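Asks: Pasting a structure below so you can have a look.
The values are calculated or read from the model by the stated rules, or taken from the named source; none is laboratory data. Since the structure is predicted, the reported quantities are computational estimates derived from the model, not experimental observations. Cβ coordinates were reconstructed from backbone atoms using ideal geometry, including for glycine residues, and neighbour counts include every protein chain displayed.
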């Protein structure tokens, strides 16, 4: 009996569908990615079950770090003259504040943008006393509505 | 293989002008491997850096500055007091009872039970200055959650969706508003008196 010689065949896999899917995913991720705005101080957020999503513009951000230092951060439109033309450029303002003058900084930011939301972003290990002080100051300055940033808690 | 010249074998024009030979078609094969490599690299980069869990926000409305005529008098038997001391330990008591230590994760059960037992319940939250901010958020979150779940139950009872229940343009909004549960609570500053009370509780516990 004759043994048939195995014939080696070059396997050719059509990669087109895979590449299609890869590009599809690539485009999806490229369009949906929102890069985290650069943070000068990182905070570890406490968790909650709240489902309100955070506004992404017109925000006055008050950051409380775990060392209890307070920063007020907001974006203003500043007019810059380039080649004799006035161009408005968004500029990030970043100020360190204390429990007592945080209200003044917030009011200063509100004058520039009256629609801005007040958002407090505090580290979960920061002390309650700081927050209590901020809330007291806000109450005295009639800034009674604000939002506190939390991360999502899964269990219900 | 890559980028073979197009029509490279075209005959040189010369003497035999006039006689046209059919063009020889050559299949072009472009090596796509590097492109696919880059595509996958980018894909992996975006997949890794994408953050899907955007932070949530909790709405807080502070009461306006208290004035003398705004002080509400509440029966002591209707007041649930929650203390959080500097070590983030939770204590609860009704009115003038002595506070009892409790676990932070039993807070929800306590609040639900007490609210079901007493419809006129007011909760007073007293947090020590050195307690962690997380404790405050936990309490506010539980209160918010109870409010939402009670309203969801009422909406189910009335056979409307929670969206209709919260919609101010709904015809039955006034009826809904009357049935809406809103948690009555207040935050009070921690005073020396609170330190004494908690110390007393701790010393009693130690004596046992």
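Asks: So which of B:121, B:111 ends up being buried (at least 20 other Cβ atoms within 10 Å of the Cβ) and closer than 25 Å to residue B:162 by Cα?
Replies: Only one candidate passes the filter, namely B:111.
Asks: Still on this structure, please answer the following. Could you check region B:24-51 and list, in sequence order, the residues that are loosely packed, with under 11 Cβ neighbours inside 10 Å and more than 29 Å from residue A:28 (Cβ to Cβ)?
Replies: B:24, B:25, B:27, B:29
Asks: Consider residue A:9 against the criteria (1) more than 30 Å from residue B:146 (Cα to Cα); (2) at pLDDT below 80; (3) within 14 Å of chain B (Cβ to nearest Cβ): it satisfies all of them except one. Which criterion is unmet?
Replies: Unmet condition: (3).
Asks: Check region A:102-117 and report whether any residue there is in a loop (DSSP other than H, G, I, E, B) and surrounded by 17 or more Cβ atoms within 10 Å (Cβ to Cβ).
Replies: yes
Asks: Of all the strands (runs of 3 or more DSSP E) wholly in region A:50-98, which have at least 3 residues that are farther than 24 Å from residue B:133 by Cα and out of contact with any helix residue (DSSP H, G or I) (no Cβ under 8 Å at 6 or more places or on another chain)?
Replies: A:70-82, A:85-97
Asks: On the phi > 0 side of the Ramachandran plot and either within 14 Å of another protein chain (Cβ to nearest Cβ) or in contact (Cβ under 8 Å) with a residue 40 or more places away in the chain (or both): does that describe residue A:44?
Replies: Against the criterion (on the phi > 0 side of the Ramachandran plot and either within 14 Å of another protein chain (Cβ to nearest Cβ) or in contact (Cβ under 8 Å) with a residue 40 or more places away in the chain (or both)), residue A:44 does not qualify.
Asks: Looking at residue A:133, is it surrounded by 15 or more Cβ atoms within 10 Å (Cβ to Cβ), part of a helix (DSSP H, G or I) and free of Cβ contacts under 8 Å to residues at least 40 places away in the same chain?
Replies: yes
Asks: Quick one: which of B:62, B:107, B:42, B:111 is in contact with a helix residue (DSSP H, G or I) (Cβ under 8 Å, 6 or more places away or on another chain), within 14 Å of chain A (Cβ to nearest Cβ) and at pLDDT below 85?
Replies: From the options B:62, B:107, B:42, B:111, the qualifying one is B:62.
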